[in-house]
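The structure appears right after this line, and notes come after that.
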Amino acid sequence: MTELEPTSRRSRLVGDLFRREGAKGVAVALLSTAVVLFAIGWLVVHSKNWPAVKDSFFNAQEFRDSFPDIAQKFVRNIEYFLIGEVFILSLALFLAVLRSLPGPVFFPLRALAITYVDLFRGIPTILVIYILGFGVPSLGLRGVPVSATFWGLVGLVLSYSAYVSEVYRAGIESVHPSQVGSARSLGLTRLQALRFVIVPQAVRRVIPPLLNDFVALQKDTALVAFVVAVPEAFKEAQIIQNADFNFTPLVAAALLFLLITVPLTRLVDWLSARERGRRQGGAVL
Amino acid sequence: MTEAVRVEGVHKSFGKLEVLKGVDLSLAEHEVICLIGASGSGKSTLLRCIDLLEPVDSGRILLNGEQITGDAVDQNRARRRMGIVFQAFNLFPHMTVLRNVTLGPSEALDLPRRQAEARALELLERFGLADKRDDYPDRLSGGQQQRVAIIRSLAMQPALLLLDEITSALDPELIGEVLEVIRELAAAGMTMLIATHEMGFARDIAHRVCFLDAGRIVEEGPPDQIFAQPQSPRTKQFLQRIIEAGRL
């Protein structure tokens, strides 16, 4: 697995090609890519409706005017993402641990955790956000926040926790039972064995898939737009789009999301490759 | 002689397979008993039952005269008084050697960190592993890992050490260093119950040898008697096979 190291640091797409086909192969690939891109570009630009499409989706003036406003609101998305993630990670771990408790005594807790996961994985996230974001504030309960943003975010957390808890659970189940035996034989309690031995190993193993869910969450912060009063990037783009009758602001918002999600995705790939390399490389157990 | 462990009529099944069919065994303090027998004869299961890693179906187990099987017992407390070392080492791969050894004392015995570390370092020193304290298990050889696993058990200062074929997963040239540790422990008076395929070692170190076959102790006695004049035809047959394999 020593091969994996240097290539996984750079773009493996080009690196692999270089190793397999040499410099000539890379040159051919570049040339054919250029030809394909040019052909597609030519076809698009010369299609009958291109001027109209260009004007309403890729309007440079509109882009320049709207981008700063949307970027400013995008800070909210990052905020939702960061706050949401903290709660998601904790709630999901709690659920996964509940679900992994053994024995008949803990049956009710396990059943509760399973019901929760089934429920929130089964309902579209946007529905959860809608129901909570519009529903709860309209109840006018005393002592309960009335902010739609707050409840929208709660919806996002509830929904994602269900997914993320399954990732954790896979990690917990991947730790060999002999590790529990080892811990218990030292006189550690079940909970101590989970805390010191099982969960730390499980979490390490699921970091790449967890980051995958991070990427998805970053995008799905836009779903909160459907209930919020204070606009984030998507909502702001929609407002401008409605005012100017032009879709370019939405493209600008999309670009902002890509700026975050693409590097994050590359990071996940890199971490996964490293984790794979480490597991196949050393590790006796 | 004070009795360290007493096993009375222990039965254990996994599903339909009855692995232990009524085992009785008594181990005195400072005594070393070797369990021999073919794979699947129940050696490992017996050790795991004694360490309460598997619940027994019937029968009972006493540690220093105190019953440790059954629902009314604090099993965590009982486990703290015994150590077990496994064939596959089972060290915690995400912890350094030092943390592997201090985990039990500091979390199960509530020892202050400094005290737990002092105890661990003393043991690592004694068995020549002090320089590995900050290494992770996957950096160590099999022999070193197994010695750390033994030290991890010893750090709990157990009244009894259970060894489950601890050299079976090792390359031949690494077996010696691990057996040396056990010899030293025996000389120091550690009470041990050892499941092993190393007949030479068993002959050397054991005060008594028990031959297990199909979930029962078929024959037991001093090593000279068992190895030189086995009584039961099954013991004879087993030893004959071992000799043919060149292991005795």
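Working only within the stretch B:102-122, note down all residues that are within 8 Å of chain A (Cβ to nearest Cβ) and not in a helix (DSSP H, G or I).
Step one: filter the stretch B:102-122 for residues within 8 Å of chain A (Cβ to nearest Cβ), giving B:103-104, B:107-109.
Matches in the stretch B:102-122: B:LEU109 only.
Based on this model, can you work out whether B:SER168 counts as at pLDDT 95 or above, among the hydroxyl-bearing types (Ser, Thr, Tyr) and out of contact with any Pro (no Cβ under 8 Å at 6 or more places or on another chain)? When the stated conditions are applied, B:SER168 does not pass them.
Among the residues of the stretch B:128-142, are any under 30 Å from B:GLU244 (Cα atoms), in contact (Cβ under 8 Å) with a residue 40 or more places away in the chain and either open to solvent by less than 10 Å² (accessible area, probe 1.4 Å) or within 14 Å of another protein chain (Cβ to nearest Cβ) (or both)?
Our first condition is that a residue be under 30 Å from B:GLU244 (Cα atoms); within the stretch B:128-142, this holds for B:142.
Remaining after also requiring in contact (Cβ under 8 Å) with a residue 40 or more places away in the chain: B:142.
Next cut, either open to solvent by less than 10 Å² (accessible area, probe 1.4 Å) or within 14 Å of another protein chain (Cβ to nearest Cβ) (or both) only: B:142.
Yes, the stretch B:128-142 contains a residue that is under 30 Å from B:GLU244 (Cα atoms), in contact (Cβ under 8 Å) with a residue 40 or more places away in the chain and either open to solvent by less than 10 Å² (accessible area, probe 1.4 Å) or within 14 Å of another protein chain (Cβ to nearest Cβ) (or both).
Hey, among the residues in the stretch A:152-198 that are among the small types (Gly, Ala, Ser) and under 18 Å from B:MET156 (Cα atoms), which one's farthest from the other protein chains (Cβ to nearest Cβ)? Full working, then the answer.
Applying the first criterion (among the small types (Gly, Ala, Ser)) to the stretch A:152-198 yields A:152, A:155, A:159, A:161-162, A:165, A:170-171, A:174, A:178, A:181-183, A:185, A:187, A:193.
Within this subset, residues satisfying the condition of being under 18 Å from B:MET156 (Cα atoms) are A:181-183, A:185, A:187, A:193.
Details: A:GLY181: 5, A:SER182: 4, A:ALA183: 8, A:SER185: 5, A:GLY187: 3, A:ALA193: 10 Å.
Checking each candidate, the answer is A:ALA193.
Screening the stretch B:155-170 for residues that are within 12 Å of chain A (Cβ to nearest Cβ) and open to solvent by 30 Å² or more (accessible area, probe 1.4 Å) and picking the one that is farthest from B:ALA130 (Cα to Cα) gives B:ALA169.
In the set (1) in a strand (DSSP E or B); (2) touching a Cys at 6+ places or on another chain (Cβ under 8 Å); (3) closer than 20 Å to B:SER168 by Cβ, the condition left unmet by B:GLU220 is number (3). The number of residues in the stretch A:139-182 being free of Cβ contacts under 8 Å to residues at least 12 places away in the same chain, in a helix (DSSP H, G or I) and open to solvent by 50 Å² or more (accessible area, probe 1.4 Å) comes to 3. Within the stretch A:50-92, the set of residues being open to solvent by less than 50 Å² (accessible area, probe 1.4 Å), part of a helix (DSSP H, G or I) and of a type outside the set (Ser, Thr, Tyr) comprises A:GLU62, A:ILE70, A:ALA71, A:LYS73, A:PHE74, A:ASN77, A:PHE81, A:GLY84, A:GLU85, A:ILE88, A:LEU89, A:ALA92.
Here's the yes/no breakdown for (1) touching an Asp or Glu at 6+ places or on another chain (Cβ under 7 Å); (2) modelled with pLDDT of 95 or more; (3) open to solvent by less than 20 Å² (accessible area, probe 1.4 Å); (4) within 22 Å of B:SER44 (Cα to Cα):
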{"site": "B:LEU121", "(1), (2), (3), (4)": "no, yes, no, no"}
{"site": "B:ARG126", "(1), (2), (3), (4)": "no, no, no, no"}
{"site": "B:SER153", "(1), (2), (3), (4)": "no, yes, yes, yes"}
{"site": "B:MET199", "(1), (2), (3), (4)": "no, no, yes, yes"}
{"site": "B:ASP204", "(1), (2), (3), (4)": "no, no, no, yes"}
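Residue by residue, here is whether (1) modelled with pLDDT under 95; (2) at the interface with another protein chain (Cβ under 10 Å from one of its Cβ atoms); (3) buried (at least 23 other Cβ atoms within 10 Å of the Cβ) holds:
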| residue | (1), (2), (3) |
| --- | --- |
| B:ALA38 | yes, no, no |
| B:LEU46 | no, no, yes |
| B:GLU66 | yes, no, no |
| B:VAL85 | no, yes, yes |
| B:HIS94 | yes, yes, no |
| B:ASN100 | no, yes, yes |
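The values are calculated or read from the model by the stated rules, or taken from the named source; none is laboratory data. Owing to the predicted nature of the structure, the values given are computational and were not obtained by experimental measurement. All Cβ positions, even for glycine, are placed from backbone atoms using ideal geometry, and neighbour counts span all protein chains on display. Remember, those area values only see protein heavy atoms, side chains included, never the ligands or the DNA or RNA. Shrake-Rupley method; radii C 1.70, N 1.55, O 1.52, S 1.80 Å.
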